[in-house]
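K.L.:
Sharing a structure with you now.
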Amino acid sequence: MKTIKKTCLITGGNSGIGKQAAIQLAQNGFHVIIGVRNIERGKLALAEIKQISAQDDIDLLQIDMSSKKSILDASLKLNNRIDKLDVLIHNAADFDIARKQPEKTVDGIESIWATNHIGPVLLTNSVMNLMKNSEQARIITIASKGLMMHPNLTVDLKDPEFETRKFSVPKAYYQSKLAQVMYTYWLSEQLKETGITVNCIRVTNVKVDTGRYPNISGFMKFLYSIKSKFSITPEDMAKTYTHLASSPDIKTTTGKYFNEMNKTVTSSPYSNKKENIDAVMNLTMKYIE
């Protein structure tokens, strides 16, 4: 009897950890779909992923995680192309370290908040029917070990988009990733009767290709070169993505936070309190209603 392949969608699958995860999952027998914002760069990455993985069952899906229309259009295409979705990895992220001021998306939402938090929630909602068709679907969100440096960080419920407070890319980024951790806990509770698991990965320091940020200063490039000496490769970090997506050992594990060693870790006390989680999700839903 022919085995039906599992299908995995990885957003931001054309570079970095996402690309390495696509290679690994393809080698593990998955039908991999890489979500890409730029279709031309996506085609180049697709060819490279196929070549390195020596697998051909890999496809492209154009999706801009900062745009509601793009997410909904991509979800419609997915529904027309596949019958089920077994794994959804929310890898795409906005972290332009050269940015000095907040930038708005086409929907008028601050870009980091939209791309890193609102977009993943909307995409999950939009493909939930496909995930419910899977025997054992897995949703994987992505956070950052950098949150450990900000143990008292909260999601600013009144000003998540930095309309009135001082903006910085790290502040906006860590807020969005904190929100994703809390979303993971919330969604795992919502889906506990379905068999769909939801877990989050705490990505550690990973070697950054500074060529992706042509506008950063020489000093910042120097800092990143120092940091890279204490960083792991995207390929090594992707092994945790692959573990969470494919390991039978964790098929019923849900609502957990994993580090790069595939071990469960804890997040801040703030992020674990139900009233805080509910408040963040009430705010979130106002954006996608």
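The values are calculated or read from the model by the stated rules, or taken from the named source; none is laboratory data. Bear in mind that the values here come from a model prediction, so they are computed numbers and not experimental data. Glycine gets a Cβ as well: all are built from the backbone with ideal geometry, and neighbour counts include every protein chain shown.
K.L.:
Every residue in the range 210-262 that is among the polar types (S, T, N, Q), modelled with pLDDT of 55 or more and outside any loop (DSSP other than H, G, I, E, B), please.
P.N.:
The answer is S228, T240, T242, S246.
K.L.:
Sticking with this one: Pick from P151, P102, P120: which is outside any strand (DSSP E or B), in contact with a strand residue (DSSP E or B) (Cβ under 9 Å, 6 or more places away or on another chain) and over 21 Å from L244 (Cβ atoms)? Let's see the steps before the verdict.
P.N.:
Values: P151 fails: in contact with a strand residue (DSSP E or B) (Cβ under 9 Å, 6 or more places away or on another chain); P120 fails: over 21 Å from L244 (Cβ atoms).
Of P151, P102, P120, the one residue that is outside any strand (DSSP E or B), in contact with a strand residue (DSSP E or B) (Cβ under 9 Å, 6 or more places away or on another chain) and over 21 Å from L244 (Cβ atoms) is P102.
K.L.:
Tell me, yes or no, whether the range 95-102 has at least one residue that is touching a helix residue (DSSP H, G or I) at 6+ places or on another chain (Cβ under 9 Å), at pLDDT 95 or above and among the acidic types (D, E). Quick ask: steps written out before the conclusion?
P.N.:
So the first thing to find is which residues in the range 95-102 are touching a helix residue (DSSP H, G or I) at 6+ places or on another chain (Cβ under 9 Å), and the list is 95-100, 102.
Checking which are at pLDDT 95 or above leaves us with 102.
Narrowing the set further to residues that are among the acidic types (D, E) leaves none.
No; the residues of the range 95-102 include none that is touching a helix residue (DSSP H, G or I) at 6+ places or on another chain (Cβ under 9 Å), at pLDDT 95 or above and among the acidic types (D, E).
K.L.:
Do any helices (runs of 4 or more DSSP H) lying entirely in the range 1-83 carry at least 1 residues that are over 24 Å from D236 (Cβ atoms) and in contact (Cβ under 8 Å) with a residue 60 or more places away in the chain, and which ones are they? Break it down stepwise before answering.
P.N.:
Details: elements: 16-27, 39-53, 68-81.
Those helices (runs of 4 or more DSSP H) span 68-81.
K.L.:
Scan the range 181-194 and tell me whether some residue there is buried (at least 23 other Cβ atoms within 10 Å of the Cβ), in a loop (DSSP other than H, G, I, E, B) and either modelled with pLDDT of 95 or more or among the aromatic types (F, W, Y) (or both).
P.N.:
Within the range 181-194, not a single residue is buried (at least 23 other Cβ atoms within 10 Å of the Cβ), in a loop (DSSP other than H, G, I, E, B) and either modelled with pLDDT of 95 or more or among the aromatic types (F, W, Y) (or both).
K.L.:
I'd like to verify a number: residues in the range 26-42 that are of a type outside the set (K, R), out of contact with any Lys or Arg (no Cβ under 9 Å at 6 or more places or on another chain) and surrounded by 18 or more Cβ atoms within 10 Å (Cβ to Cβ), how many?
P.N.:
3
K.L.:
Residues in the range 43-69 that are surrounded by 20 or more Cβ atoms within 10 Å (Cβ to Cβ) and polar (S, T, N, Q): how many?
P.N.:
2
K.L.:
Oh, and also: Residue under question is L130, and the condition is that it be in a helix (DSSP H, G or I) and surrounded by fewer than 22 Cβ atoms within 10 Å (Cβ to Cβ); does it hold? Please lay out each step first, then the result.
P.N.:
Values: in a helix (DSSP H, G or I): yes; surrounded by fewer than 22 Cβ atoms within 10 Å (Cβ to Cβ): yes.
Here the answer is yes, as L130 does meet what is asked.
K.L.:
Evaluate the range 85-98: report whether one residue or more is among the polar types (S, T, N, Q) and over 23 Å from C200 (Cβ atoms).
P.N.:
Residues of the range 85-98 that are among the polar types (S, T, N, Q), as a first pass: 91.
Next cut, over 23 Å from C200 (Cβ atoms) only: none.
No; the residues of the range 85-98 include none that is among the polar types (S, T, N, Q) and over 23 Å from C200 (Cβ atoms).
K.L.:
For the range 94-104, indicate whether the set of residues that are over 16 Å from the mean Cα position of the chain (by Cα), loosely packed, with under 15 Cβ neighbours inside 10 Å and hydrophobic (A, V, I, L, M, F, W, C) is non-empty.
P.N.:
yes
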